[in-house]
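To keep things clear, I will list the structure first and then write my remarks on it.
The values are calculated or read from the model by the stated rules, or taken from the named source; none is laboratory data. Nothing here was measured: the structure is a model prediction, and the numbers come from that model. Counting neighbours? That spans all protein chains shown, and the Cβs are built from the backbone with ideal geometry, glycine included. Only protein heavy atoms, including side chains, enter the accessible area calculation; ligands, DNA and RNA are left aside. Shrake-Rupley method; radii C 1.70, N 1.55, O 1.52, S 1.80 Å.
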Amino acid sequence: MPRTSLPQADALGSDAIGSEAAEPGSTGPVGHGPTPAPLRRRTLVAGLVGAVGLTAACGSSDGSTADGDFDGGGSAEGFPLELPNCEATLTFDAPPERIVLLESAPVTTLDGIGVLDRVVSRAGAFPPGYYDEDLAARIEAIPTLSDEIDASGHLQISQEMVIAQEPDIVFGLPDGVTREAMADAGAQVVVQNIYCATGGHRSSFETLHEQIDAYGRIFDHGEQAEQLSASLQERIDAASESAKDLATATAAVLYPSVGGGPLYTYGAASMVTAQLDALGIENVFADTEERVFEISAEPLLAADPDVLIVLHQTDGDGSDVAEEMISQDQLGSLRAVQDQALLPLLFNFAEPASPLVVDGLERIHGWLVELER
């Protein structure tokens, strides 16, 4: 069956390379929120761990602190800094001090490297299911510019509203916001690199570590970035080791449009493939190079994976989204549906690369352990 590439995720605009869009953009912070409820008879709880200690700061004579914070009294080491980001090159004369978030995926990384307090405003969806109580309270305290999301999951916001915040860095590039206008206003725009991947790249957790390293360089918090990556890798290794006893062999990860629109699935360039690879499970659509693409019911029925993971961006547990998908696409004959082997999962627990995908890896693993009992 022909597969139609998505337009653009809401973290992308016309500047971004690649195509992702009827799928939601992002959401996400590091917090370990409640486990989403799969469509099974039993209540499943995935244990989540991972706290990252940050080094205390001491003053230094060059205008930066020992932990990398820049206090404006001199030039931070490594600056001016140039970094590639999708089709653009980002330029920073000093570590940014005023952050505007137009997507939620960066929250966990910013928190993990100790710069979340530099966020001056946010816009979009930040479901509380991503966060622990403390982080949820800190996110809630950040002023909101807009929480208007259209039916396909895209943020609706005016460029002028963003510029009025006087940011020096903006995360996310929804429709109506351009790199050029932000640069003219003194802000660099960071897009998740995974949205722009080309050339048959198969995602791995190295994608996550590269993203964290880039954030560490941008904010001159390299040591904190290394600590965060090391902590996350320990959790990835632990999940992979524990997964050796799993019997589940195949899976498909789906994103259904709410209200009966297209159904999407994820290929080799997606972080869900990295998650499944880490668990020793085959993504049945990993032979497709695209990160995400539209799919009809026929190839899904033909693949008939052992389990289904259904991504959503709602305030609930996602069970209603999964049920709507099954009824509208006539997927009731799938083994995973018959066996109630279907897990609704908040979007940023799978995409894009952020510490939340490690939370998602642990949730998927914990759910599979319960499923196979």
Open item on the list: Which pairs turn up if I take residues in the stretch 257-279 that are closer than 12 Å to Ser204 by Cα and look for partners that are of a type in the set (A, V, I, L, M) and assigned to a strand (DSSP E or B) with beta carbon separation below 6 Å, at least 6 apart in sequence or on another chain?
Closed with: Val272/Val253; Leu276/Ala251
TODO: Could you identify the single residue in Glu103, Glu97, Glu87, Glu133 that is open to solvent by 40 Å² or more (accessible area, probe 1.4 Å) and within 15 Å of Val191 (Cβ to Cβ)?
DONE: Glu87
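Is there a residue in the stretch 102-116 that is touching a Lys or Arg at 6+ places or on another chain (Cβ under 7 Å), under 25 Å from Val358 (Cβ atoms), among the hydrophobic types (A, V, I, L, M, F, W, C) and assigned to a helix (DSSP H, G or I)?
yes
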- [ ] Could you pull out the residue among Asp147, Asp111 that is closer than 22 Å to Gly360 by Cα and among the charged types (D, E, K, R)?
- [x] Asp111
- [ ] Go through (1) among the hydroxyl-bearing types (Ser, Thr, Tyr); (2) surrounded by fewer than 20 Cβ atoms within 10 Å (Cβ to Cβ); (3) within 30 Å of Asp320 (Cβ to Cβ) one by one and return the number of the condition Thr273 breaks.
- [x] (2)
Task: Which numbered condition Phe126 fails, given (1) of a type outside the set (Ser, Thr, Tyr); (2) in a strand (DSSP E or B); (3) over 20 Å from Ala181 (Cβ atoms) - done: (2)
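Rundown of residues vs (1) of a type outside the set (Gly, Ala, Ser); (2) surrounded by 23 or more Cβ atoms within 10 Å (Cβ to Cβ); (3) within 20 Å of the chain's Cα centre (by Cα), yes/no style:
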{"residue": "Met182", "(1), (2), (3)": "yes, no, no"}
{"residue": "Ala185", "(1), (2), (3)": "no, no, no"}
{"residue": "Val189", "(1), (2), (3)": "yes, yes, yes"}
{"residue": "His209", "(1), (2), (3)": "yes, no, yes"}
{"residue": "Gly222", "(1), (2), (3)": "no, no, no"}
{"residue": "Ser231", "(1), (2), (3)": "no, no, yes"}
Open item on the list: List pairs: first residue in the stretch 285-304 and closer than 15 Å to Ser333 by Cα, second residue surrounded by 15 or more Cβ atoms within 10 Å (Cβ to Cβ) and not aliphatic (A, V, I, L, M) anywhere in the structure, Cβ distance under 6 angstrom, at least six positions apart or on different chains.
Closed with: Ala297/Asp329
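Every residue, every condition in (1) out of contact with any Lys or Arg (no Cβ under 9 Å at 6 or more places or on another chain); (2) over 14 Å from Thr109 (Cα atoms); (3) modelled with pLDDT under 95, yes or no:
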| position | (1), (2), (3) |
| --- | --- |
| Arg202 | yes, yes, yes |
| His209 | yes, no, no |
| Tyr215 | yes, no, no |
| Glu223 | yes, no, no |
| Leu228 | yes, no, no |
| Asp237 | yes, yes, no |
| Lys244 | yes, yes, no |
| Ala251 | yes, yes, no |
| Ser257 | yes, yes, yes |
Task: Residue pairs meeting the criteria (Cβ under 6 Å; at least 6 apart or on separate chains; first assigned to a loop (DSSP other than H, G, I, E, B) and surrounded by 20 or more Cβ atoms within 10 Å (Cβ to Cβ), in the stretch 315-332; second at pLDDT below 90 and not aromatic (Phe, Trp, Tyr)) - done: Gly318/Pro36
Open item on the list: Anything in the stretch 214-254 that is farther than 17 Å from Ala353 by Cα and aromatic (Phe, Trp, Tyr)? List them, or say none.
Closed with: Phe219
Open item on the list: Out of everything in the stretch 240-255 that is under 23 Å from the mean Cα position of the chain (by Cα) and open to solvent by 10 Å² or more (accessible area, probe 1.4 Å), what residue ends up being farthest from Glu282 (Cα to Cα)?
Closed with: Tyr255
TODO: Could you tell me whether any residue of the stretch 306-317 is modelled with pLDDT of 95 or more and in contact with a Ser or Thr (Cβ under 7 Å, 6 or more places away or on another chain)?
DONE: yes
TODO: List every residue pair whose Cβ atoms sit under 7 Å apart, with the two residues 6 or more apart in sequence or on different chains, where the first one lies in the stretch 160-178 and is in contact (Cβ under 8 Å) with a residue 40 or more places away in the chain and of a type in the set (Val, Ile, Thr) and the second, anywhere, is open to solvent by 50 Å² or more (accessible area, probe 1.4 Å) and outside any loop (DSSP other than H, G, I, E, B).
DONE: none
Open item on the list: Condition first: open to solvent by 10 Å² or more (accessible area, probe 1.4 Å) and within 25 Å of Ala297 (Cα to Cα). Now tell me which residues in the stretch 334-373 satisfy that.
Closed with: Arg335, Val337, Gln338, Asp339, Gln340, Leu346, Leu371
